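Heads up: the structure comes next, in structure tokens.
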Amino acid sequence: MKIKQKEELFNIDITKLDEAVMAKVKAKWDYIAKPLDSLGAFEDIFVKIGGICGTDAIDVSPAYTLVMCADNGIIEEGVTQTGSYVTQVVAGEMGMGKSLSSFMAQSLGAEFVTVDCGMEGETPAGVKNKKVRAATRNFKKEPAMTESEVLAAVNIGIEEVEEIKEKGGKLILIGEMGIGNTTTSSAVISAISGYFADKVTGRGAGLSDGALEKKMKIIDEAIEKYGLRNIEDDKNRAFEALRCVGGLDIAALCGVCIGGALYKIPIVLDGLITLAAALCAENMIPGVKDYLIPSHIGKERGAKLVSTSMGFSPVIDAQMALGEGSGALMLYSLLKVTEVLYKSGTEFDDMGVTKYERFS
């Protein structure tokens, strides 16, 4: 699927989850020899996966870790500790399978896919070159992207999901790499949610008090400059937030979220940046969030706010802030264990014990 105009994006129709299959998955959990609902949120996640995939024969493997990499012009304003060269260094490590998240994926048997959708400089070996442009523009001075650039990045995400689906992927774990992307994510969240920057902005990889104040001031001024809070229509406000103050990685991840709904494959979110992408996707195309699985509540202020506003209940609360898909991979390790119980757990009939009855 190739989206050429934003109106096409806004008119995408999302299919509701298969409630009949979800009921079957819930019933299967009830037949496994344990107290009802005793695996809590993990039972709910499998019910959701069943509804997304349309089958109660649930597999979480093979899984793919999909990381979008891009640079951000806003770092010219001193909102980060490091320069954009770090994006290329870490992306290069990912391409060679030597980053922290790469090691995590290898240990779990999840294939790692790294995509350059907007990095400065050459694309490192082992990284897919789908560069829309070399970094966004400095949104303090001008909009970060053009409409066509946003759509190009969104299409990258959708295409990657389609490709993984064709390869037989059952689950996609998403992440990002890009210096300055907690600034762009906080700006997008602030613009869409209506909260001022001080409510959604954190220190990123580590900022002094003064640098944090500067970061928040830049975000509030940009949102005012582009009149983002004055846009009443949810779809247009989300798109314009992405265009004016967002990042190419966020736009591509937004496309991944949309692709999950189009191709019926669950998308496991990571931290703040992926949550910002999910927020954009849901506001532009209501119903996308049903195809998304949150993994953890990160340290950044905006992460909890977005999770709450979207009705997400992440199962991991560990104050993580690594990004790169690390939180999604942590959840995947738990989902693999849950799959063993779902498929192989002893049932009440096997034990000769009467199953628990559900009264409400």
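Mind listing the long-range amide H neighbours of Val268? Cut-off is under 5 Å, sequence gap 5 or more, other chains count too, H placed in the peptide plane at 1.01 Å from N.
For Val268, the qualifying residues are Ile172, Leu173, Ile174, Ile293.
For Lys167 and Ala205 in one chain, what is 0.36 nm times their gap in residues minus the Cα-Cα distance, to one decimal in nm?
Full-extension gain reported as 10.2 nm.
Quote the FRET efficiency, to the nearest 0.05, computed for Ala23 versus Asp349 with a Förster distance R0 of 22 Å and r equal to the Cβ-Cβ distance.
0.65
Given the chain, what percent of its DSSP beta bridges are antiparallel, to the nearest 5?
5 percent
I'd like the Karplus ³J(HN,Hα) series for the range 315-320: coefficients 6.51, -1.76, 1.60, θ = phi - 60°, whole numbers in Hz, and an x wherever there's a Gly or Pro.
Running phi through 6.51 cos²θ - 1.76 cosθ + 1.60 with θ = phi - 60° gives 7, 10, 10, 10, 6, 7 Hz.
Which whole-number percent is the relative contact order of the chain (Cα, under 8 Å, 6+ apart)?
About 23 percent, as a whole number.
May I ask for the angle, rounded to the nearest 10°, between helix 234-245 and the longest principal axis of the chain, with both axes built from Cα atoms and the value confined to 0 to 90°?
For helix 234-245, the angle is close to 50 degrees.
Which order results if Asp317, Asp30 are arranged by neighbouring Cβ count within 10 Å, fewest first?
Asp317, Asp30
Loop only per DSSP, at most 14 neighbouring Cβ atoms within 10 Å: give me the trypsin sites (Lys or Arg not before Pro) in the range 1-54, ordered by residue number.
Taking the range 1-54 and a limit of 14 other Cβ atoms within 10 Å, the loop trypsin sites (Lys or Arg not before Pro) found are Lys2, Lys4, Lys16.
Val337 versus Asp234, label points 7 Å from Cα toward the beta carbon: distance in nm?
3.6 nm
Can you give the extra length, in nm with one decimal, that the chain gains between Phe359 and Asp37 once fully stretched, where that is 0.36 nm per residue apart less the Cα-Cα distance?
The Phe359-Asp37 span can extend by a further 114.7 nm.
Calculate for the chain the 222 nm mean residue ellipticity that helices alone would give, adding -39,500 (n - 2.57) per DSSP H run of length 4 or more and normalising by residue count, nearest 500 deg cm²/dmol.
-15500 deg cm²/dmol
In whole Å, what are the Cα extents of the chain along the three principal axes, biggest one first?
71, 45, 42
Can you tell me the 0 to 90 degree angle between the C-alpha axis of helix 209-225 and the longest principal axis of the chain, rounded to 10?
80 degrees
What whole number of Å gives the distance from the Cα centroid of the range 205-255 to the Cα centroid of the range 335-360?
Going from one Cα centre to the other spans 46 Å.
On C-alpha positions alone, give me the angle between the axis of helix 85-95 and the longest principal axis of the chain, in degrees, nearest 10.
The helix 85-95 is inclined about 30 degrees to the chain.
As an exercise, identify the trypsin sites (Lys or Arg not before Pro) in the range 87-165 lying in DSSP coil whose Cβ has no more than 14 other Cβ atoms within 10 Å.
Qualifying residues, ordered by number: Lys98, Lys141.
Tell me, in nm to one decimal, what length is gained between Glu221 and Asn129 on full extension, where the rule is 0.36 nm per residue of separation less the Cα-Cα distance?
Gain on extension, Glu221 to Asn129, equals 29.8 nm.
Any read-out appearing in this document is the output of simple, stated calculations on the displayed coordinates, not a laboratory observation. Remember, predicted model here, so these are calculated numbers, not experimental data. Using ideal geometry, Cβ is built from the backbone for each residue, glycine included, and neighbour counts are taken over all protein chains shown.
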